[in-house]
Each structure stands twice: as C-alpha cells, then as structure tokens.
Amino acid sequence: MRTERANIISQLQQDILLLQGYKPANSPSIDTGLGPIKDAFPNNTFPTGAVHEFVFEGSESAAVTSGFLAAMLTPLMHENGVALWVSSSRTLFPPALKNFGMHPDRFIFIDLQKEKHVIWSMEEALKCSALTAVVGEMQEIGFTASRRLQLAVEHSKVTGFILRKNPRKLNTTACAARWKITSLTSQSDDQLPGIGFSHWRVELLRVRNGKPGVWHIRWQDGKFIPTIAHDHNGEAGYNRSHKVQQAWEYQKKTG
C-alpha cells in the first residue's frame, strides 16, 4: 500500500513538471546555451512552455535585463520563430537586438497605455501556438493573473517572459522562475582597455522545484560562457575564467 501511494505521488509530480514545461530526461529539449544555469531546473532542463519572471530596478538594469533576455531568445526562436513584445512603457531599443544575434523584424511590438491591457494582451498572445515567445513589460502582477498566464502556456507551449521594472514588492506568482540580472565589468580576450564582451551576474531568486543560485556569465561569439567574477588582477581573472570554461566544456563532452 505504501509503495503504491509513493508511485502515485511520483507520477503526479512528473505530470506537474510536464505541465510546467519540464521535459523528461529522455525527451529532446531546446538548448538555450545557459550552461550550468540549466542544472538549477528540474531534470536539468530549461523550462519552455512556462512563464519566467525578471525583476529589476532603474533604466540601466532594464537595458541589462533586455540584453540578457535577447541572448536567451536567440536559440529559443531558431530561424523562423516569432515573438511578441507588449508594454505600456517600452524600455527596449529594437536595433540593439542585433548585438545578440536577433533581428528586430522577428518581433511584433505592441505599445499600450495601461498595464492591465498589457496583462490581457499577454494572456491572449500566450494562447497562440504560432508564437515562440511572448514578452510583457509591467510593474505589478498578482498571483491570479500570473496563474492565468501559466494556464495559457500549458496548452500552447509558448514561453512567456514577464519584465517587472521597479516592483513595489516581490509577491508570490505562479511563474516557473524569478530571475534578476545585473551587469558586471565587461571582459575582453586581449585584456586591452575598452568595451569587452557583455558580462552578467545571473541570479535565480526562486525556481519552482529547483535550486536557486548565482552565476557569472558573458556573451561571446554568439553564445553564453560561464565565468567567475573579474578581479583586480586582470591576467589572473582572465586565466581563471578560462579554466571555468574549459571545465564546463570537458563536463559536456564526458557527460
């Protein structure tokens, strides 16, 4: 009797994970190139067909978060994917998407006046399976509204992203994960002064059925590369970051 009950609970947990966008280990999944970050999610799989929440404060953090999201959408959308970006005060500069391998014409931008219209539009768009992703910019969203978004993607398998600028409080939502992206000192291969590769501190503040954590990652040659914090000794920081990358590449090859 106890074994049967444990099997039922285990099956229910797997069914819930499937509804939340987590694929079984033997199912093909989309590699978003997040490296070790994906291990924070159940089954070591980035959840597509789910809703992700990004929180940030200020215009600078808005640009940083949008850049990271654009880089993450690049492999998710492949060559033919289309995304919808809806907001009441858009912070994105569309031509900047090209810096992360994404063309602005792959997006449909909708600018509305009120946040409640943004939430409604996002919910309706998430029901459209012809879209790959839907991004919605808003300040506040309650649990009930976020639950409606999650229910929408469970049927369409579209991936949703909520960008919350200056939220008054970090309330509970039904999102699969809550992210926070902050900028780090850019890095370059030649260690010369000037602008280097985009470098981020990625925090998973909350992961449903997963493990929150903090990672340093940069965008180079069209892909994410895990790094460590760049210290004051430029050469030492550079060499140690390459060791991290080499260890990660070795782990991928050896399984």
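The values are calculated or read from the model by the stated rules, or taken from the named source; none is laboratory data. Please read all numbers here as calculations on a predicted model, not as lab measurements. Counting neighbours? That spans all protein chains shown, and the Cβs are built from the backbone with ideal geometry, glycine included. Ligands, DNA and RNA are stripped out before the accessible areas are found, and what is left, the full protein with its side chains, is counted by its heavy atoms. Shrake-Rupley method; radii C 1.70, N 1.55, O 1.52, S 1.80 Å.
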query = Could you give the length gained on full extension between GLU203 and GLU79, defined as 0.36 nm per residue of separation minus the Cα-Cα distance, in nm?
reply = 41.8 nm
task = Please tell me which of these pairs span more than 32 angstrom C-alpha to C-alpha: LYS157/LYS180; LYS165/LYS223; LYS116/LYS157; LYS114/LYS223?
result = LYS114/LYS223
query = To the nearest 0.05, what FRET efficiency results for ASP105 and GLN11 with a Förster distance of 41 Å applied to their C-beta separation?
reply = 0.40
Distance (nanometres) between label positions extended 7 Å along Cα→Cβ at THR172 and ASN44 = 3.2 nm
request  = Rounded to the nearest Å, what's the spacing between the alpha carbon centres of the range 200-226 and the range 128-160? Just the number, please.
outcome  = 22 Å
task = Compute the Cα gyration tensor for the range 26-165, then decide on rounded, prolate or oblate, letting a ≥ b ≥ c be the square roots of its eigenvalues: rounded whenever a/c is under 1.5, prolate when a/b is larger than b/c in the other cases, and oblate in all that remain.
result = rounded
remark   = Counting only protein heavy atoms and leaving out ligands, DNA and RNA, the solvent-accessible surface of LYS223 at a 1.4 Å probe, in Å² to the nearest 10, equals 100 Å²
note = The extension gain from ALA96 to THR144, computed as 0.36 nm times the residue separation minus the Cα-Cα distance, is 13.9 nm
